[in-house]
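Some notes on the structure that comes next.
Where a number appears in this text, it was derived from the coordinates with a stated rule and is not lab data. Keep in mind it's a predicted model, so treat the numbers as computed, not measured. Methodologically, a virtual Cβ is constructed for each residue, glycine included, from the backbone with ideal geometry; neighbour enumeration extends over all protein chains shown.
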Amino acid sequence: MITIPESPNIGEMLKTYIKTNRKYKSGIANWLGIGQSSVQGFTKRPDMKVSTLWRLCHVLKYNFFEEITAQLPAEFTAVTENPLQARITELEKQKSDLELQVKTLEKAIELMGRK
């Protein structure tokens with residue numbers, strides 16, 4: 001059986017962010033279109049729906065997901081690049097190299113034609 005550490009307390013993270021950055025719960029509530037008591041409730045719960053956390057990230061312009069990620073073990077890998085994007089980058093480099101070769105050949109042909 002795998003031992004899984006306790007999950008981060010999202011409510012505490014939110015409470016700390018609000019206090020540290022001197023944000024008003026009433027302002028956050030207005031931006032979210034909810035009551036201030038709901039925001040107060042978020043700070044008292046250890047977890048919340050991802051959609052709620054997502055909205056809070058956007059309203060506060062703060063990445064709570066990154067803070068959560070920082071608490072995961074270092075050996076956990078993150079998908080940092082789309083494999084298709086890596087292939088696109090590779091093909092763009094090949095295209096650039098081929099364009100340079102074409103220009104070089106055109107220049108060589110031009111120089112040979114002058115003789």
So what is the calculated 222 nm ellipticity per residue for the chain, using -39500 (n - 2.57) for each DSSP H run with n of 4 or more, over all residues, to the nearest 500 deg cm²/dmol? -21000 deg cm²/dmol
Projecting the Cα atoms of W31, T52, L105 onto the charge dipole of the chain, where Lys and Arg contribute +1 and Asp and Glu -1 at Cβ, the residue farthest towards the positive end is W31
Cα centre as origin, Lys/Arg/Asp/Glu Cβ charges: the chain dipole, Debye: 640 debye
By how many degrees, between 0 and 90 and to the nearest 10, does the Cα long axis of helix 83-113 differ from the longest principal axis of the chain? 20 degrees
If I take all pairs of Cα atoms in the range 64-115, what percentage of them are more than 14 Å from each other? 73 percent
What is the helix-to-structure angle for 10-20, meaning the angle in degrees between its Cα long axis and the longest Cα principal axis of the chain, kept from 0 to 90 and rounded to the nearest 10? 90 degrees
Name the most mobile residue of P83, P73, P46, meaning the one with the largest mean-square fluctuation, in a Gaussian network model of the chain with Cα contacts below 10 Å. P83
Fully extended, how many nm does the chain gain between K61 and L84 (0.36 nm per residue separation, minus their Cα-Cα distance)? 5.4 nm
Using only the alpha-carbon atoms, how far is helix 50-60 inclined from the longest principal axis of the chain? Give it as 0 to 90 degrees, nearest 10. 80 degrees
Whole-Hz ³J(HN,Hα) from phi, Karplus 6.51 cos²θ - 1.76 cosθ + 1.60, for the range 61-73, glycine and proline x: 6, 9, 8, 5, 5, 5, 5, 5, 4, 4, 8, 7, x
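Write out the chymotrypsin sites (Phe, Trp or Tyr not before Pro) in the range 1-74 meeting two conditions: DSSP loop, and at most 11 other Cβ atoms within 10 Å of their Cβ.
Working: sites: Y17, Y24, W31, F42, W54, Y62, F64, F65; in loops: Y24, Y62.
Within the range 1-74, the qualifying chymotrypsin sites (Phe, Trp or Tyr not before Pro) (loop, at most 11 other Cβ atoms within 10 Å) are Y24.
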What percent of all Cα-Cα pairs in the chain falls in each 10 Å bin, counting up from 0? 11, 27, 17, 14, 10, 9, 8, 4, 0
